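The values are calculated or read from the model by the stated rules, or taken from the named source; none is laboratory data. Just so we're clear, the structure is a prediction, and the values are computed from it rather than from any experiment. Backbone-built Cβ (ideal geometry, glycine too); neighbour counts: all protein chains shown.
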Amino acid sequence: MSTENAVTGAENAVAGAESPVAERVRQIVGGMAPRPVAELGDELRLIEDLGFDSLRLMELTVVLERGFDLPRYRPEQLMGVLRVGQVIDLVNRTLEVSA
């Protein structure tokens with residue numbers, strides 16, 4: 001087994017272990033999605049796939065801030081957050097900085 005394969009295998013093992021934060025973010029996003037789906041994958045787009053509009057995205061932001069006791073996000077922090085996985089990453093990064 002090459003080093004590259006070993007690293008990829010380790011990354012996949014870590015990716016398979018769902019963090020409580022990721023699970024909770026998925027529950028919130030899925031519960032608020034205007035167009036719910038059976039399986040909420042990280043690659044799903046908030047607007048195109050799940051039907052979020054600008055108002056619903058603002059509501060999602062407030063629910064995440066309150067649900068995780070996060071500081072208020074500035075608009076520039078939210079730019080480019082287009083997919084479920086990016087929402088999870090944003091919350092995880094914010095929690096790390098706040099800790």
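Annotation: T3 fulfils all but one of (1) exposed (fewer than 12 other Cβ atoms within 10 Å of the Cβ); (2) modelled with pLDDT of 95 or more; the unmet one is (2). Can we say E39 is in contact with a strand residue (DSSP E or B) (Cβ under 9 Å, 6 or more places away or on another chain) and either surrounded by fewer than 14 Cβ atoms within 10 Å (Cβ to Cβ) or part of a helix (DSSP H, G or I) (or both)? So E39 fails the test. Assess whether A22 counts as being at pLDDT 95 or above and among the small types (G, A, S). When the stated conditions are applied, A22 passes them.
Across region 59-75, the qualifying residues are those that are surrounded by 13 or more Cβ atoms within 10 Å (Cβ to Cβ) and of a type outside the set (D, E, K, R), and the one among them that is nearest to V21 (Cα to Cα) is F68.
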